[in-house]
Amino acid sequence: MKETSEHIILPIESIQERDVDLILLEELSTENSFCNWFIKKLNLPEFSSSNGAWRSITDFGLGETDLLFSYNSNSEKIFVLIENKLDAIFQEEQFIRYEKRANEYINKVHCNRAYCVLVAPILYCENQNDFENFISYETLSELFKKQNTKRGFFKSQLMQIATEKLRRGYQPVNSEPVQRFWYNYWNFKNDKIPSLTMKKPRIVPHNSDWPMLYDSELKGIIFYHKLAQGNSDATFQSPTEDIELKVKENLPKDFKFVKHSKTFSVRISSEKIDRTKDFNEQINKVEIGIKNLEKIRDWIKEIGINNWLEQRV
């Protein structure tokens, strides 16, 4: 094994998901500084102390949690259910099972609150529509590198190798039934609310579940119709504290403020929609969701946030 002044050249060609599991398990089990960073990055309740971390947990007959991390936030016990994903596709209803397990932990008083998060290469994170909270392999690699130790450089390169493995092999696979649904959605949206724009769907992978819409006057806001969740969201990208405060102060009763790791959303509950089933059979639900997006958009303009956004740009 050769060594340079900056890093160690690793005698390894490929990283598997299990390898990344063990890296995360070690950090979450032994390093409070990492636990604190991890929680802050995900914008979860403040870290006070750790209760431990475990790998491959199967509970309640609802599938497997890759990593379960438990910590205390002042007087509350928090569970973080971590899905680590390198190059395998999501299983059918995998995220739904994660949410069900999280709810079971709360209902059975194993913890006060539970959160489901994703750790994966950024290419994977940005091409999935289930986990709103995620940390990328690239972000982990940068963290380890900044430690400026041989151990840190070693782990940083492991994460880089894992990232390169996905980048070399990633090819989005089109799902014809889902693409058909999206194409009908795109046509319907253009007819009902042409002022909200949407890219024409060409390649649509099976797990694509969040059509993204835009308003040319609202820079830095993406409108998501989260079909399976039954939510209509306006997500503010890189928001300032002033914009967040303005939103909270003027939020209508039927709207919900949802904080993500680096962004936040304004949400209205809509109808749940199955992208794999016939569009016309669900057209009324689609219309409700799209009109709720329009309702959020009109409210944003009404309270003058678009002017704040223009000033920021």
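The values are calculated or read from the model by the stated rules, or taken from the named source; none is laboratory data. Not measured: the values here are computed from a predicted model. A quick note on method: Cβ atoms are made from the backbone with ideal geometry, for glycine too, and the neighbour counts reach across all protein chains shown.
Here are some notes:
- Cβ-Cβ distances below 8 Å connect the following pairs, each with a first residue in the stretch 96-123 that is among the acidic types (Asp, Glu), a second residue that is not in a strand (DSSP E or B), and a separation of six or more residues or different chains: Glu104/Asp59; Glu104/Phe60; Glu104/Leu62.
- Matching entry among Val173, Val204 (being in a loop (DSSP other than H, G, I, E, B) and touching a Pro at 6+ places or on another chain (Cβ under 7 Å)): Val173
- Considering Ser216, Ser238, the condition of being assigned by TED's automatic domain parsing to the domain that holds Phe188, among the polar types (S, T, N, Q) and in contact with a Gly (Cβ under 8 Å, 6 or more places away or on another chain) is satisfied by Ser238 alone.
- Among residues of the stretch 259-273 that are closer than 28 Å to Thr139 by Cα, those with a beta-carbon under 6 Å from a residue that is hydroxyl-bearing (Ser, Thr, Tyr) at least six positions away or on a different chain give the pairs Thr263/Thr235; Ser265/Thr235.
Condition check ((1) modelled with pLDDT of 95 or more; (2) over 24 Å from the mean Cα position of the chain (by Cα); (3) more than 24 Å from Glu46 (Cβ to Cβ)) across all residues:
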{"residue": "Ser265", "(1), (2), (3)": "no, no, no"}
{"residue": "Phe279", "(1), (2), (3)": "yes, yes, yes"}
{"residue": "Ile283", "(1), (2), (3)": "yes, yes, yes"}
{"residue": "Gly289", "(1), (2), (3)": "yes, no, yes"}
{"residue": "Lys301", "(1), (2), (3)": "no, yes, yes"}
{"residue": "Asn306", "(1), (2), (3)": "no, yes, yes"}
{"residue": "Arg312", "(1), (2), (3)": "no, yes, yes"}
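- Single condition Lys219 does not satisfy, out of (1) at pLDDT below 95; (2) within 16 Å of the chain's Cα centre (by Cα): (2)
- The residues of the stretch 72-108 that are assigned to a strand (DSSP E or B) and either within 17 Å of the chain's Cα centre (by Cα) or closer than 17 Å to Phe60 by Cα (or both), listed by number, are Phe79, Val80, Leu81, Ile82, Glu83, Asn84.
- Selection of first residues in the stretch 129-155 that are under 13 Å from Leu24 (Cα atoms) and of second residues that are surrounded by fewer than 17 Cβ atoms within 10 Å (Cβ to Cβ) and not basic (Lys, Arg), restricted to Cβ pairs under 6 Å at least 6 apart or on distinct chains, gives the following pairs, ordered by first then second residue: Ser136/Ile122; Phe144/Gly152.
Each row is one residue, and each column tells you yes or no for (1) charged (D, E, K, R); (2) in contact with a Leu (Cβ under 9 Å, 6 or more places away or on another chain).
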residue: His225; (1), (2): no, yes
residue: Lys256; (1), (2): yes, no
residue: Phe264; (1), (2): no, no
residue: Phe279; (1), (2): no, no
residue: Glu294; (1), (2): yes, yes
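- For the stretch 53-68, the count of residues that are under 20 Å from Val258 (Cα atoms), in contact (Cβ under 8 Å) with a residue 12 or more places away in the chain and within 20 Å of the chain's Cα centre (by Cα) is zero.
- Out of Val178, Val173, Val119, one residue alone is surrounded by fewer than 18 Cβ atoms within 10 Å (Cβ to Cβ), under 21 Å from the mean Cα position of the chain (by Cα) and hydrophobic (A, V, I, L, M, F, W, C). It is Val173.
- For the stretch 124-149, the set of residues classified as part of a loop (DSSP other than H, G, I, E, B), surrounded by fewer than 16 Cβ atoms within 10 Å (Cβ to Cβ) and acidic (Asp, Glu) consists of Glu126 only.
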